[in-house]
Amino acid sequence: MNNEQIKIAIADLLPSAIIEESSEWLTIHIESVDWLPLAEKLRNTAELYFDYLFCLTCVDWKSHLTMVYHLTSTFHRHTLVVKSKLDRDDARIETVTMIWRTAEFHEREVYELFGVNFLHHPDLRLLILPDGWEGKYPLRKDFEDPVNIIKL
Amino acid sequence: MYRETEIIKEPSGNDPVDSGDMIINIGPQHPATHGVLHLVITLNGETIKKVEPHLGYIHRSIEKMCESLSYRQFIYITSRMDYLSSHINNHGCALCVEKALQLEVPPRAQVVRVLMDELTRIASHTLWWGAMAMDVGALTPFFLAFREREMINDIMEETCGARLTMNYTVPGGVMVDLHPEFQRKVKDFIAHFKSKIDEYDELVTDNVIFKNRTVNVGLISKEDAISYGVTGPSARASGVSCDIRKLYPYAVYDKLQFEEIIETAGDSFARYVVRMKEMRQSLSIVEQLIDNIPEGDFQAKTKAVLKLPKGEFYTRVETARGEFGVYIVSEGGTTPYRIKFRSPGFSNLSALDHIARGSKIGDLVAIMGTLDFVIPDIDR
């Protein structure tokens, strides 16, 4: 499918999605509550078949957090970027571990570094950081650590 | 449409513990983990019920560090992630900066980069071959592998000034021109390695004991490999076509003749075979290029201070372990607003639990060996 066809398919699946084409790949902005049902459809619709989540990350925009999901289809070879704004003080979104298994580790990483709560995640614990780091999110922009961070 | 991977029924932290279960630790310091990786394994008799990786022993928060470094500086840190593919990591980062700046890289620099990439890949695979054979009980290959790897390291040292963390790539090209002796030395290496790689196959590949340890051990299906985000030789052994050099060619890969090695068995032996064949393909790429290095500049003219336009940029390259992605979010300044490195080892490790469940504890070493983990790449 080319971008035009994906755009039509997305508009069909989720009319409220905002479509943006300024970057390399087609990007859609969605509400966080729409993510899980949309993800299931993206994965399981034969014409879309986004079976490979190759990058899952988060960006701290100071006023809010943005989850960024890079999806591609190993069969159709098309790519889609899904973004969802999250509230900074109460960041939560449904997990997609059941749909793309690679999300399990990536979501744990985002949980500890950004403090995003992934609802219904099977094993949401610290992965990289040592015990006792809950509540401090190192990749957020307001994180201060006078001991370990040397400002250049 | 069906879902291939089984649904996780209950949180793995609360798995019912059988009275016959035993929990043992492998690592953080264990020869088979090739670094500081800590695995907590639940065993029933000799059978693995669960593998739980504990990471972070060499976490340096590279992504946070990059946020305060300029677009010239941050490339050097990426050598410290997958230190066996450091040149390829650098290449990926430079490509991302060049894509954002729409910078044209001179043909000479492109060819030199690919030459270095493939030499790096051979060096990484030879080290993996030696270490893998050592994991399953053969000590000799380790010394043979280091003999060949040493030649590549010497070539690197002469041209780049370093043997492991090369830092040879800069935005717009490479840092210095090739050493005058480069072509002769690489040709010597090609001639030497061609005879040795057959010896590798004779020594290990057809060995009955080695085959018993690896055939039908650590199976992963094609669908699961994709779902877990496994990439590189480990995924190609399960029949996934995922070579970035073929799918999304960068530098001069679209002009080269080489094959994407795909096996379908999905076991440890298939992963082994893919890497062995890849070494021959890399050697053939080096052979194609070594006499055809174009003359000209080795670096494009760039400003002293690089400023990326506002936006988001993503590039991916094929390292020795799989797909390495660089995601830069720029606010238009001289430092990145946010950088994400999609490291192949991290995703490959997430599949370890799935692959190892049901195997014997002794097989775990063979499984980990063929998945080829480099721990700094996982921890970042």
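Observations, loosely collected:
- Boolean, A:V81 is crowded, with 17+ Cβ neighbours inside 10 Å and either at the interface with chain B (Cβ under 9 Å from one of its Cβ atoms) or in a loop (DSSP other than H, G, I, E, B) (or both): yes
- Sole exception among (1) in a loop (DSSP other than H, G, I, E, B); (2) free of Cβ contacts under 8 Å to residues at least 24 places away in the same chain for B:F143, by number: (1)
- Qualifying residue in the stretch A:19-27 (condition: over 18 Å from A:V116 (Cα atoms), at pLDDT below 90 and more than 14 Å from every other protein chain (Cβ to nearest Cβ)): yes
- The set of residues in the stretch A:55-74 being at pLDDT 90 or above, surrounded by fewer than 22 Cβ atoms within 10 Å (Cβ to Cβ) and within 7 Å of chain B (Cβ to nearest Cβ) consists of A:V59 alone.
- Pairs with Cβ under 7 Å, 6+ apart, first in the stretch B:303-325 and more than 7 Å from every other protein chain (Cβ to nearest Cβ) and within 17 Å of B:I75 (Cα to Cα), second surrounded by 18 or more Cβ atoms within 10 Å (Cβ to Cβ) and acidic (D, E): B:R316/B:E323; B:E318/B:D243; B:T319/B:D82
- Contacts under 6 angstrom Cβ, first residue in the stretch B:226-239 being within 18 Å of A:E107 (Cβ to Cβ) and modelled with pLDDT of 90 or more, partner small (G, A, S) and in a loop (DSSP other than H, G, I, E, B), 6 or more apart: B:Y228/B:A351; B:V230/B:A351
- Meets criteria (among the aliphatic types (A, V, I, L, M), crowded, with 20+ Cβ neighbours inside 10 Å and either within 14 Å of another protein chain (Cβ to nearest Cβ) or outside any helix (DSSP H, G or I) (or both)) for B:V204: no
- Qualifying residues in the stretch B:120-132 (those that are in contact (Cβ under 8 Å) with a residue 40 or more places away in the chain, among the aliphatic types (A, V, I, L, M) and buried (at least 24 other Cβ atoms within 10 Å of the Cβ)) - the one nearest to B:T319 (Cα to Cα): B:I122
- Where helices (runs of 4 or more DSSP H) sit wholly within the stretch B:288-380, those with at least 1 residues that are under 19 Å from the mean Cα position of the chain (by Cα) and among the aromatic types (F, W, Y) occupy B:344-350.
- Among residues of the stretch A:34-48, those that are surrounded by fewer than 19 Cβ atoms within 10 Å (Cβ to Cβ), at the interface with another protein chain (Cβ under 9 Å from one of its Cβ atoms) and either in contact with an Asp or Glu (Cβ under 7 Å, 6 or more places away or on another chain) or not in a helix (DSSP H, G or I) (or both), counted: 2
- B:E259 vs. criteria farther than 30 Å from A:T66 by Cβ, away from chain A (no Cβ under 13 Å), within 19 Å of the chain's Cα centre (by Cα) and crowded, with 16+ Cβ neighbours inside 10 Å: no
Residues are listed down the side, and each one gets a yes or a no for (1) of a type in the set (A, V, I, L, M); (2) more than 17 Å from B:Y337 (Cα to Cα); (3) within 11 Å of chain B (Cβ to nearest Cβ); (4) touching a residue at least 24 places away in the same chain (Cβ under 8 Å):
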| position | (1), (2), (3), (4) |
| --- | --- |
| A:H121 | no, yes, yes, yes |
| A:R125 | no, yes, yes, no |
| A:D131 | no, yes, yes, no |
| A:E134 | no, yes, no, no |
| A:K141 | no, no, yes, yes |
| A:D145 | no, yes, yes, no |
| A:N148 | no, yes, yes, no |
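- Close Cβ contacts (under 6 Å, 6 or more residues apart or on different chains) running from residues in the stretch B:339-352 that are at the interface with chain A (Cβ under 10 Å from one of its Cβ atoms) and under 17 Å from A:W100 (Cβ atoms) to residues that are small (G, A, S) and surrounded by fewer than 24 Cβ atoms within 10 Å (Cβ to Cβ) comprise B:R342/B:G325.
- Sole exception among (1) within 24 Å of A:F50 (Cα to Cα); (2) part of a loop (DSSP other than H, G, I, E, B); (3) not charged (D, E, K, R) for B:V217, by number: (1)
The values are calculated or read from the model by the stated rules, or taken from the named source; none is laboratory data. Worth saying up front: this structure is predicted, and the values here are computed from it rather than measured. In this analysis, Cβ positions are derived from the backbone assuming ideal geometry, glycine residues included, and neighbour counts consider all displayed protein chains.
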